[in-house]
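The values are calculated or read from the model by the stated rules, or taken from the named source; none is laboratory data. Keep in mind that this is a model prediction, so the values were computed, not measured. Every residue, glycine as well, gets a Cβ built from its backbone with ideal geometry; the counts of neighbours run over all protein chains shown. Ligands, DNA and RNA are excluded from the accessible area calculation, which covers all protein heavy atoms including side chains. Shrake-Rupley method; radii C 1.70, N 1.55, O 1.52, S 1.80 Å.
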Amino acid sequence: DTDFQDDMLDVLDQMAEKIASQMRESRVKYRDLVENASCIIFQMDTQGKITFFNRYAQEFFGYSEAEILGRSIVGTITPATESTGRDLKIMMQELVSHPERYTDNENENIRRNGELVWVAWTNRAIYDDKNRISEILCIGIDRTEQKRAEEVLKNSEQRLAQIIDFLPDPTWVIDSDGKVVTWNQAMENLTGVAAADMV
């Protein structure tokens, strides 16, 4: 009976050691994957302080791990206020308290050198053993070039619309679905129909 118990304890010890070894191996693989990912990955605690910052994030934002860990996200990689006027300090507080509202989010960020960049974020809450939020995992992709291209296109479209509107000849434009997208001032004068009623 005692021999059987000893044998069982040995088997359980071996199983526990094997499981622990696999978990260590799994953590190492996970850490390598996260460290070498070609996207921004960081974690922050419920106070908004950075607890993990992968290599790509360090290169992207210009902070070493030693310089950024333990510091608040606001004032380092996130400005207090976006150039659009949105209060990012409040948004970050809401992200920590209600992460489900910010599962997918895009906002302006700031590099160490002061350059403003746009990042599309995916945010997930990490829960402790009592089912309380302990940290937020944030994965981001740089969208700065796309944002700039969208802005250039938007400005170009606005300029074109202004040019068409001031043409002396009645001019209107339809899209591929046959819907009116432009109805200039001369068309309004000719037909008596306002652009707002046609576009």
Search result, residues across region 133-174 that are in a strand (DSSP E or B) and either of a type in the set (A, V, I, L, M) or open to solvent by 90 Å² or more (accessible area, probe 1.4 Å) (or both):
I133, I136, L137, I139, I141, W172, V173, I174
If I ask for residues that are of a type outside the set (D, E), over 19 Å from I77 (Cα atoms) and in contact with a helix residue (DSSP H, G or I) (Cβ under 6 Å, 6 or more places away or on another chain), which ones from region 124-167 would you list?
A125
Top-ranked residue in region 187-199 [being touching a helix residue (DSSP H, G or I) at 6+ places or on another chain (Cβ under 9 Å) and small (G, A, S); ranked as surrounded by the fewest Cβ atoms within 10 Å (Cβ to Cβ)]:
A194
Is it true that K154 is basic (K, R) and under 30 Å from N184 (Cα atoms)?
yes
Can you find a residue that is aliphatic (A, V, I, L, M) and farther than 30 Å from S97 by Cα anywhere in region 168-176?
yes
Give the residue that is most open to solvent (accessible area, probe 1.4 Å), with candidates limited to residues of region 114-132 that are assigned to a loop (DSSP other than H, G, I, E, B) and at pLDDT 90 or above.
E115
Pairs please, first residue from region 127-151 and within 26 Å of R55 (Cβ to Cβ), second anywhere and assigned to a helix (DSSP H, G or I), Cβ atoms under 6 Å, 6+ apart in sequence or on different chains.
I136/P99
Residues in region 56-113 that are open to solvent by 80 Å² or more (accessible area, probe 1.4 Å) and touching a residue at least 24 places away in the same chain (Cβ under 8 Å): how many?
6
